[in-house]
Amino acid sequence: MKKVVSTVSLVVLAVVIITLIVLGVYLNRIVKTAVETYGPRLTGTTVSLDSVNLSLLTGSAKVKGLAVGNPEGYKTPRAISAGVIAVGLNPLSVVSKKVVIRSIRVESPTITFEGGLAGNNLGQILDDVSSSGQNGGTLSTNAATAPKSEEKYEVDDLIVTNAKVQVYINGIGMTKPEVIPLPPIHLTDLGKGDEGITAAELTSRVLSAISSTTLETVVQTAADFDKNAATLKQVRQHAVQQLGNSLSNFLNK
């Protein structure tokens, strides 16, 4: 009798494991399709992923080849690119109304700052995210790939390390970009509590942190750019005002 119970238990366990693996593979496709469908509607740019590998057994995911394009009118093709993003999550939350993400680790991304006195690429993307947030954060009409309007997120810990920014200042004759290392970007307790935050709110918070850190680093390094220093400070002042207005409008919507 004990042998039968043991055998049945093993069979049930095997079925559960196989189900979780199959479900993980299925969710990989859903996540990739959702990001590439909903992302552009949120940011107003192209968004692509090379692959998503989600394991429900371990509560981990690995996102490879994230690329966020620049808005129309900019010369550089991408605003942000990251080779690998490691994610730790609560597996059971993926089927609930609030997806709980324990940690996000972004290692060695490349950020491009392109702009002038009239604005910059990062500020424009943040404006577009803010506008989509005012519309409820749900812009896709494809029910199979768009997040539901009531779906919320929680990110307990997000850190970006070893990032670098390529700086292109328009109108001052730069023949090649200045490449500057960025300090770590660390965010915690995003969407903590019962309510959580929407995809638009989460994206806005992350982009705002990236943009602010980039701008601060650019202006701190401006003295090393010699004749470009004064122009960079003017660009920074304009960009900070633009980011502040965008974030204020978004949070007070």
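Every number here is computed from the coordinates shown, using simple stated rules; none is lab data. Please read all numbers here as calculations on a predicted model, not as lab measurements. Note: ideal-geometry Cβ built from the backbone for every residue, glycine included; neighbour counts use all protein chains shown.
5 Å is the cut-off here: which amide hydrogens, built 1.01 Å from N in the peptide plane, fall below it relative to Ala163, excluding neighbours closer than 5 in sequence?
The answer is Ser108, Leu182.
Karplus couplings for region 32-45 from phi (6.51 cos²θ - 1.76 cosθ + 1.60, θ = phi - 60°), rounded to Hz, Gly and Pro as x?
4, 5, 5, 4, 6, 8, 7, x, x, 5, 7, 9, x, 9
Amide H of Ser60: which non-local residues (sequence gap of 5 or more, or other chain) have their own amide H closer than 5 Å, using H built in the peptide plane?
Close amide H contacts, sequence-distant or interchain: Ser55, Leu89.
Where does each of Asp128, Asp50 land when they are ranked from fewest to most other beta-carbon atoms within 10 angstrom?
On the way: Asp128 20, Asp50 12.
The most exposed by this proxy come first: Asp50, Asp128.
Hey, what do the phi angles of region 67-78 turn into as Karplus ³J(HN,Hα) couplings, whole Hz, using 6.51/-1.76/1.60 and θ = phi - 60°, x for Gly and Pro?
Karplus-based 3J(HN,Hα) across region 67-78 equals 9, 9, x, 8, x, 4, x, 9, 7, 7, x, 10 Hz.
Provide the per-residue ³J(HN,Hα) series for region 154-167, in order, calculated from phi with Karplus coefficients 6.51, -1.76, 1.60 and θ = phi - 60°, each as a whole number of Hz, with x at glycine and proline positions.
9, 10, 6, 8, 10, 9, 10, 10, 6, 7, 9, 10, 9, 9
Cut-off is 10 Å between beta-carbons; in what order do Thr45, Thr213 appear when sorted fewest neighbours first?
Ascending Cβ contact count within 10 Å gives the list Thr213, Thr45.
In terms of modelled amide H atoms, which long-range or inter-chain residues lie less than 5 Å from the amide H of Asn170?
Gly115, Gly116
Aspartates and glutamates within cross-link reach of Lys192: Cα-Cα under 18 Å, excluding same-chain residues under 8 positions apart?
The reachable aspartates and glutamates, counting only those whose Cα sits under 18 Å from Lys192, are Glu150, Glu151, Glu154, Asp156, Asp157, Glu201.
Which order results if Leu92, Leu187 are arranged by neighbouring Cβ count within 10 Å, fewest first?
Numbers: Leu92 10, Leu187 18.
If I rank by nearby Cβ atoms, fewest first, I get Leu92, Leu187.
For the pairs Lys75/Lys152; Lys64/Lys152; Lys64/Lys98; Lys97/Lys164; Lys32/Lys164, flag any whose C-alpha to C-alpha distance is greater than 27 Å.
Values: Lys75/Lys152 35 Å; Lys64/Lys152 23 Å; Lys64/Lys98 24 Å; Lys97/Lys164 35 Å; Lys32/Lys164 25 Å.
Going by Cα-Cα distance, Lys75/Lys152; Lys97/Lys164 fall outside the 27 Å limit.
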